Amino acid sequence: MTTVELAGSTRAELSEFVQKLGEPSYRAQQIFTAVQQRRVRSFNEITNLPKEFRAKLNECAAISTLRLESRYISTDGTRRYLMKTHDNRPVETVFIPEERRDTICFSSQSGCPLQCTFCLTAQLGLLRNLTAGEIVEQIIVALNDAYGEGVKTPRGTNLVGMGAGEPFLNFETLLKAIRIMGDEEGLHIVANRVTVSTAGVAPRIRELAMVPDRPHLAISLAAPTDDLRNELMPINRKWPLDELLDACKEFEQSLKPAERLTFEYVMLRGVNDSDEQARQLANLMNRHSLRAKVNLIPHNPAEPLPYQPSTEERVESFRKILEAKGVQTFVRKPRGRDILAACGQLAARGASTVPNQQQPR
């Protein structure tokens, strides 16, 4: 029998599974509550299940498949987790505490196939897609580490699919994981608290617009022209800017009244941060009449990437030009740079490259 990943199973799937094992359907609810709400990591902890049934589950199901290798804690409180899958593939997750909420940045793939030149994850290439269970488990591991197993979180939790991988190349699995995490009997992190980032897989943007209770969408842009974006983000050769923004325009029809599309623009010193490029970006947004905001992200440097972040003065000048042309713009403050946890830095780096490693509990 194939091993069933309980963290990646819906309540309906669990009901069918336990009945195949000759158990009453209410056992499914007990398992779901234990895994998703109490966030347990061992069958021995599900004490409301009979010992014999737990032994049977141990033979054909997995309550946890990720192995926590290392934990790194930044001076700003950010935590980076390096985990390994059952087949020894790296998975990285980042926990970002904030005053009013926590944000967990999760991965959708081990490695990434897209080869964006400013992203360290691209150095890994694609190792494989993650399963729904492996996506959900990242959130469970992070919450348990921050607060203790099963402890109710003191503030809301937001999720961002901005870790390793291109989420839209693991689309169906991603949506399943989001549905499981949104279940009110489990983690209950609803889709409205989830943002998924894409490098520009245009057909999936159109598809996401049709999904009920979908997550929010962010698009990584990095350049205002096709020529430059082709260099920085090779995916642009398949879906160039006009095609990408046409898809975004279609997606706009699904926005709620107060919602905006989010564009992420990593700022690379001397590459894409000039005043002229700011004007080109504003004109691009305005030409497509998009209801959008732009997040400017100073590049997070890491060896062997050949880029440096734009200066604060250059970022501010860029922001002012966009705002003057009617484009709502924000500057994202980097978190966890010192532990290689910031945007674009996830590349399964171990203790030798991070000074303040803390071993997992």
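The values are calculated or read from the model by the stated rules, or taken from the named source; none is laboratory data. This one's a predicted model, so the numbers in the text were calculated from it and none came from an experiment. Here the Cβ is made from the backbone with ideal geometry for all residues, glycine too, and neighbour counts use every protein chain on show. Quick note on the areas: whole protein, heavy atoms, side chains included, nothing else; ligands and nucleic acids left out. Shrake-Rupley method; radii C 1.70, N 1.55, O 1.52, S 1.80 Å.
List of remarks:
- Taking every residue in region 218-239 that is surrounded by fewer than 19 Cβ atoms within 10 Å (Cβ to Cβ) and pairing it with any residue that is part of a loop (DSSP other than H, G, I, E, B) and polar (S, T, N, Q), at least 6 positions away or on another chain, the pairs with Cβ-Cβ distances below 9 Å are Leu228/Asn272; Glu231/Thr117; Pro234/Gln115; Pro234/Thr117.
- Here Leu232 clears all of (1) touching a Cys at 6+ places or on another chain (Cβ under 7 Å); (2) under 17 Å from Cys248 (Cα atoms) except the condition numbered (2).
- Taken over region 23-72, the criterion of being of a type in the set (Phe, Trp, Tyr), farther than 19 Å from Val151 by Cβ and surrounded by 15 or more Cβ atoms within 10 Å (Cβ to Cβ) is satisfied by Phe43, Phe53, Tyr72.
Each row is one residue, and each column tells you yes or no for (1) of a type in the set (S, T, N, Q); (2) out of contact with any helix residue (DSSP H, G or I) (no Cβ under 8 Å at 6 or more places or on another chain); (3) in a helix (DSSP H, G or I).
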{"position": "Asp87", "(1), (2), (3)": "no, yes, no"}
{"position": "Glu99", "(1), (2), (3)": "no, yes, no"}
{"position": "Thr103", "(1), (2), (3)": "yes, yes, no"}
{"position": "Cys116", "(1), (2), (3)": "no, no, no"}
{"position": "Glu137", "(1), (2), (3)": "no, no, yes"}
{"position": "Val141", "(1), (2), (3)": "no, yes, yes"}
{"position": "Gly150", "(1), (2), (3)": "no, no, no"}
{"position": "Thr153", "(1), (2), (3)": "yes, no, no"}
{"position": "Leu159", "(1), (2), (3)": "no, no, no"}
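- Reported count of residues in region 306-325, each being in a loop (DSSP other than H, G, I, E, B), surrounded by fewer than 19 Cβ atoms within 10 Å (Cβ to Cβ) and either touching an Asp or Glu at 6+ places or on another chain (Cβ under 9 Å) or not basic (Lys, Arg) (or both), is 3.
- Subset of region 240-273 (residues that are part of a loop (DSSP other than H, G, I, E, B) and either touching a helix residue (DSSP H, G or I) at 6+ places or on another chain (Cβ under 8 Å) or open to solvent by less than 40 Å² (accessible area, probe 1.4 Å) (or both)): Pro240, Gln253, Ser254, Leu255, Glu259, Arg269, Val271, Asn272, Asp273
- For region 70-121, a residue qualifies if it is of a type in the set (Asp, Glu), more than 15 Å from the chain's Cα centre (by Cα) and within 20 Å of Ile297 (Cα to Cα), and the qualifying residues are Asp76, Glu98.
- Candidate set: region 123-135, residues that are within 14 Å of Glu92 (Cβ to Cβ) and part of a helix (DSSP H, G or I); chosen: the one most open to solvent (accessible area, probe 1.4 Å): Gln123
- Verdict on Thr153 being over 19 Å from Val91 (Cβ atoms), among the hydroxyl-bearing types (Ser, Thr, Tyr), at pLDDT below 95 and surrounded by fewer than 24 Cβ atoms within 10 Å (Cβ to Cβ): yes
- Some residue of region 19-37 being in a loop (DSSP other than H, G, I, E, B) and within 17 Å of Leu187 (Cβ to Cβ): no
- Within region 179-210, being closer than 16 Å to Phe106 by Cβ, assigned to a helix (DSSP H, G or I) and open to solvent by 10 Å² or more (accessible area, probe 1.4 Å) holds for Arg179, Gly182, Ala191, Arg193.
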